[in-house]
1. Return only the number of the condition from (1) surrounded by fewer than 16 Cβ atoms within 10 Å (Cβ to Cβ); (2) in contact (Cβ under 8 Å) with a residue 40 or more places away in the chain; (3) more than 21 Å from residue 25 (Cβ to Cβ) that residue 186 does not satisfy.
2. Contact list please: Cβ distance under 9 Å, first residue in the stretch 258-272 and within 27 Å of residue 285 (Cβ to Cβ), second residue of a type in the set (A, V, I, L, M, F, W, C) and modelled with pLDDT under 95, pairs at least six apart or on different chains.
3. Please verify whether residue 259 is over 24 Å from residue 351 (Cα atoms), of a type in the set (Ser, Thr, Tyr) and in a strand (DSSP E or B), treating the condition exactly as stated.
4. Pairs needed: first member in the stretch 289-318, in the same structural domain as residue 337 (by TED's automatic domain parsing); second member anywhere, surrounded by 14 or more Cβ atoms within 10 Å (Cβ to Cβ) and among the β-branched types (Val, Ile, Thr); C-beta distance under 6 Å; at least 6 residues apart or different chains.
5. Residue check: is residue 268 assigned to a strand (DSSP E or B), at negative phi, surrounded by 19 or more Cβ atoms within 10 Å (Cβ to Cβ) and not assigned by TED's automatic domain parsing to the domain that holds residue 172?
6. Any chance the stretch 367-376 includes a residue that's surrounded by 14 or more Cβ atoms within 10 Å (Cβ to Cβ) and touching a helix residue (DSSP H, G or I) at 6+ places or on another chain (Cβ under 7 Å)?
7. Look through the stretch 319-357, keep the residues that are among the polar types (S, T, N, Q) and touching a residue at least 60 places away in the same chain (Cβ under 8 Å), and return whichever of them is farthest from residue 240 (Cα to Cα).
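The values are calculated or read from the model by the stated rules, or taken from the named source; none is laboratory data. These numbers were taken from a predicted model, which means no experiment stands behind them. For neighbour counting, all protein chains shown are included, and Cβ atoms are generated from backbone atoms with ideal geometry for every residue, glycine included.
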Amino acid sequence: MDEQDIIDNAFNLIFAFDEIIALGYRESVNLAQIRTFVEMDSHEEKVFQAVRQTQEREAKQKMKEKARELQKARQEAGRKCGTRGGSGPPPGFGFGGGMGSTGSKQKECDTFADQLKQEGENISSPTSAKSPTLSAKSAIPSPTTPQEPVSLNVEEKITLVAQRDGGLQNMEVHGLVQLRISEEQFARVKILLDTRDDKGVQFQTHPNIDKELFKARNQVALKNPSKPFPLNSDVGVLKWRFQTQEEKFVPLSINCWVSEAGNGGCDVNIEYELEQEHLELNSVVVGIPLMTGSGAPVVNECEGEYHYDSRRCILEWQLPIIDATNKSGAMEFSAQGRPNDFFPVTVNFVSKTLYCDIKVLDVVGVDDESPVKHSLNTYFLVDKYEVA
């Protein structure tokens, strides 16, 4: 390792020290946790990449099998035609026989697909496009190459654990602003922010960022204005954290009432209410666990849609959008089991509206403060959200 290696990895080293020391105090973290934080792995991106690679492998395998079938059919046709001396197609060789065989195979495939669907698997047909099952992960767009020379990604993740009898055990929101520059002429910029959030959010700038400038003017810029940001690299420039145990700050409250109905069954009433009306939550999925082997629940009332996953023994309550115009709703169902079998209730969603009142106003040049064309992506995601 030489000086150039250290320079090339300067930001990663700073990030590592930043995870160890916060506000002058040493954080209780180990080497594995530091490596995880510095790598900034995206679970959603890994899932997307794994699914795509699997689909590509399956498509290639199907193409190879189809090519072998066509080659075998040509060889059979050549042998049969050669035996008859070109006097016409032999009995049984023609469109009729081929269609009959294909229909039989298709019927077997359809039966197998129906069985998988009954077990909770999502089967997509190769001949017709069907809308996928609603989920927050599917709503997250896949990473794309930035279209502008300067791009900003602002992401918040929430961790929340509430108690079934009421009360908030803990809630944390972590935010991060990442800057990516793809052209050298735009590498000397500063970000203008609006951070008028009054909930008591704690901000932390990158060590190379001018902390006093951020405190005084809500601007994110390097301490040395003559230095540029690194090119083609996602650089975390600002982090924030909000932690509370007060119920009034919960974005979406979930109330679940379970009463025993006799014969080993329970009646369950679950309702939601949007507490922070500035939010618009998309692809909301509320997951209620069921007792193993209890069978499908009987849903008496449901706003939105529901899906019973028999493999995982989970009833998923699916709501495409929750906002100020659709801030509350309920679902009632009956199922076998005891009250404890229906917990923990989990929640998942994705939103393009941040929880904390933090906005990117503009990106400007350091010298003349002229506006710089940039792209901006904002996401509010769930890391963990459950009622236990």
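1. Going through the list (1) surrounded by fewer than 16 Cβ atoms within 10 Å (Cβ to Cβ); (2) in contact (Cβ under 8 Å) with a residue 40 or more places away in the chain; (3) more than 21 Å from residue 25 (Cβ to Cβ), residue 186 breaks only (1).
2. 267/261
3. Answer is yes for this residue.
4. The qualifying pairs are 289/314; 306/299; 315/288; 316/285; 317/286; 318/285.
5. For residue 268, the condition - assigned to a strand (DSSP E or B), at negative phi, surrounded by 19 or more Cβ atoms within 10 Å (Cβ to Cβ) and not assigned by TED's automatic domain parsing to the domain that holds residue 172 - is met.
6. Yes, the stretch 367-376 contains a residue that is surrounded by 14 or more Cβ atoms within 10 Å (Cβ to Cβ) and touching a helix residue (DSSP H, G or I) at 6+ places or on another chain (Cβ under 7 Å).
7. 336
For (1) surrounded by 12 or more Cβ atoms within 10 Å (Cβ to Cβ); (2) closer than 30 Å to residue 236 by Cβ; (3) at pLDDT 70 or above, each residue gets a yes or a no:
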{"site": "27", "(1), (2), (3)": "yes, yes, yes"}
{"site": "46", "(1), (2), (3)": "no, yes, no"}
{"site": "65", "(1), (2), (3)": "no, no, yes"}
{"site": "76", "(1), (2), (3)": "no, no, yes"}
{"site": "80", "(1), (2), (3)": "yes, no, no"}
{"site": "83", "(1), (2), (3)": "no, no, no"}
{"site": "87", "(1), (2), (3)": "no, no, no"}
